[in-house]
Amino acid sequence: MKYTHRVILPSHISVVEVSLNLKVYFLEGCTDWSVDYQKYKVLVGEPVRIKCALFYGYIRANYSHAQSTGLSLMWYKSAVHGDFEEPISFDGARMSKEEDSIWFRPAELDDVGYYSCVLRNSTYCMKVSMSLIVAENDTDLCYNSKMRFFEKAELSKCKNITCPDIEDFIQPGVEPKIVWYKDCKPKQWRQTIERRRDTLFIKEVREDDIGNYTCEIPFGNFVVRRTTELSVTAPVTDQAPKILFPSESQMSIIEMALGSPVNLTCSAFFGYNGDVSPLIYWKKEDNFIEDLDEERIQESDIKTIREHLGEQEVSISLTIDSLEESDLGNYSCYVENSNGRRQANVKLIKKAELMYTVELAGGLGAILLLLICLVTLYKCYRIELMLFYRNHFGSEDIDGENKDYDAYLSYTKVDPDQWSQETREEERFALEILPDVLEKHYGYKLFIPDRDLIPTGTYIEDVARCVDQSKRLIIVMTPSYVVRRGWSIFELETRLRNMLVTGEIKVILIECAELRGIMNYQEVEALKHTIKMLTVIKWRGPSSNKLTSKFWKQLLYEMPFKRMEPLSISHEQVLDVSEQGAFGELQTVSAISMAAATSTAMATAHPDLRSTFHNSCHTQMRQKHYYRSYDYDLPPSGTLPPLSSLGNQHTYCNIPMTLINGQRPQSKSPRQQSVEEGHGNNAMLPLLPRETSISSVIW
């Protein structure tokens, strides 16, 4: 309590009016001012001076004046304030009485307690106590954390750190030799930090200046240390707090179902504003939450989310155990400091009940499932679906309708000395299976150079002319094709190259084997980048020969669409059954070509057979072959020359496409029939040698 006491000292001592927040006791005629506010703290082994506080705040008289008036000063000690006090006997060495003070040189742990000074005579008595705390340093430190002084500094501003309570250890007129440490270590101070007598001056405070500063001053045979902890804060703000959530700029509307729990959290940022605690709270309409008198509605304590340099981010929550109709409405979050107040508003409304929730969720789920199924079906069976649509609803491909051929087939034969099981399969696929299926099963019209090219000029010009008359370019890419650079003709001829680069013709590249290990495979990759419209299809060996394989579906999808029924072929429409290929009734092109080459060689090797060609047609024929619409019989004793005599040359033959496709000749007009009959009565000769002289390795 605040107490005003009028003290009258004898022998002309002035009257002192003391006004202190102290408890005053009147014991046995002595005025007791209890314990003084100043506490003495010292480390073990350091000197300390305890001064009688009566002369420094309670009476207007010093020790000499009081002594001259007949007052005597006596000292007492007690372990706990209020306990029995014992008079102190001074030994004059470690502990001595010097005028109005007690000196400890040095202090020890046993010196801890309360020291009372009593000023009295026979008619007057006044008393006050001072506390002394003696402690050891913290482990591995030069100070005791409970005996530190504390200072604060604002970032980027200047700050003085003073070595406190060292007046008793400095001789007047002598510059003290003070050594400064930071965190108990000597430090090379930067240029913006100056040492001035008993002060450390920091011109511009930085965040790394946070720490413990210890000043050390020698005193006789002793050392006195004082430690100050410096904390750095952000500059004092001049702004009101900022609400982070909910939004300040607009009303936040929250839909909640009745009976559900509600949790509204408001978070805000508070700049540094001294030691003032953040002020944040909720209100409903204009009522504080505690005034609602509702146990269901509670406001939490303020929670510090993060803090840095005195700046804080805090939050407070408003909870409603079970939402009722009366709880709906506006709620406001307020934040305040000395610079102003801000608020953010939240409106609780009743959540509309969703009708037919289960039915709607089921319908949406079914639609989503159906969509997933359709996407999966399209991903897995895209080609089949496109072929189905094209076959049933598509129209004829009008792109390139003026061209004579559906596709041009480019392939490189394998050298006989490089034949293997794998190359035989590739050769059979390219020469037999691929043309047979496309022409005889699907009704496409292919241009195969070895079979259909009739030279009229240079070979390159002939190829360019035929490619230009084709809707597609099929390249059967085999290791031999890569090694021999079978595509060179498409790069050498300008017209062919322009067709590939501009996308004038669509290219179907059939890869028959793994080509990456081949020496010049990088040229294949360059070729692929050159072609604008390119589709690559993998032929995976005999397993791809089946008409139901995905290979034929992909190839058919890339070919021009033709609304044409698959052709039915009988044994009479092709060569004899012994020469049929892998597809049964589908007659291979190579078989026809071989028959042409065989008949030509046979006619050359056996001149006696030429006379038989002038005879009339036999009614009984063992073998029937069609060359230029001529047919001839082999004599019973005739033998064919060995095929090895034909060499590696492939013969170009002028064979009607109806025969190649396995079709019977169409009915002709009487004029055409008479011409053919007349031609059939002429000498039936095989191809002339000059017609078998044109050969090609790449076609």
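The values are calculated or read from the model by the stated rules, or taken from the named source; none is laboratory data. Keep in mind that this is a model prediction, so the values were computed, not measured. Neighbour counts are summed over all protein chains in view; Cβ atoms, including those assigned to glycine, are modelled from backbone coordinates with ideal geometry.
Some observations on this one:
- Positions within region 452-490 being in contact with a helix residue (DSSP H, G or I) (Cβ under 7 Å, 6 or more places away or on another chain), among the β-branched types (V, I, T) and more than 16 Å from I510 (Cα to Cα), in sequence order: T456, I460, V463, V467, I489
- Taken over region 320-334, the criterion of being touching a Pro at 6+ places or on another chain (Cβ under 9 Å) and surrounded by fewer than 16 Cβ atoms within 10 Å (Cβ to Cβ) is satisfied by D321, S322.
- The residue list A344, A366 contains one member that is at pLDDT 85 or above and touching a Cys at 6+ places or on another chain (Cβ under 8 Å), which is A344.
- Residue under evaluation Q239, criteria (1) loosely packed, with under 12 Cβ neighbours inside 10 Å; (2) assigned to a loop (DSSP other than H, G, I, E, B), criterion not met: (1)
- Some residue of region 161-180 being without any contact (Cβ under 8 Å) to a residue 12 or more places away in the chain, among the hydroxyl-bearing types (S, T, Y) and either within 25 Å of G45 (Cα to Cα) or not in a strand (DSSP E or B) (or both): no
- Counted residues, region 425-478 - those being small (G, A, S) and not in a loop (DSSP other than H, G, I, E, B): 3
- Among all positions in region 260-279, there is at least one residue which is part of a strand (DSSP E or B), within 30 Å of D138 (Cβ to Cβ) and without any contact (Cβ under 8 Å) to a residue 40 or more places away in the chain.
- Qualifying residue in region 34-56 (condition: closer than 30 Å to L141 by Cβ, modelled with pLDDT of 85 or more and loosely packed, with under 13 Cβ neighbours inside 10 Å): yes
- Of the residues contained in region 479-495, none is found to be part of a loop (DSSP other than H, G, I, E, B) and closer than 23 Å to K562 by Cα.
- Search result, residues across region 127-149 that are surrounded by fewer than 19 Cβ atoms within 10 Å (Cβ to Cβ) and touching a His at 6+ places or on another chain (Cβ under 9 Å): S131
- Strands (runs of 3 or more DSSP E) completely within region 290-333 that count 1 or more residues being over 27 Å from K351 (Cβ atoms) and either free of Cβ contacts under 8 Å to residues at least 40 places away in the same chain or under 40 Å from the mean Cα position of the chain (by Cα) (or both): 303-308, 311-320
- Just so you know, in region 259-288 the residues that are under 25 Å from E151 (Cα atoms) and of a type in the set (G, A, S) include one that is surrounded by the most Cβ atoms within 10 Å (Cβ to Cβ), and it is G271.
- Filter result for S101 (hydroxyl-bearing (S, T, Y), under 22 Å from D168 (Cα atoms), touching a Phe, Trp or Tyr at 6+ places or on another chain (Cβ under 6 Å) and at pLDDT 85 or above): no
- Number of the exception - Y124 against (1) loosely packed, with under 13 Cβ neighbours inside 10 Å; (2) in contact (Cβ under 8 Å) with a residue 60 or more places away in the chain; (3) of a type in the set (S, T, Y): (1)
- A single member of P435, P455 is surrounded by fewer than 17 Cβ atoms within 10 Å (Cβ to Cβ) and either assigned by the TED database to the domain that holds K553 or under 25 Å from F561 (Cα atoms) (or both), and it is P455.
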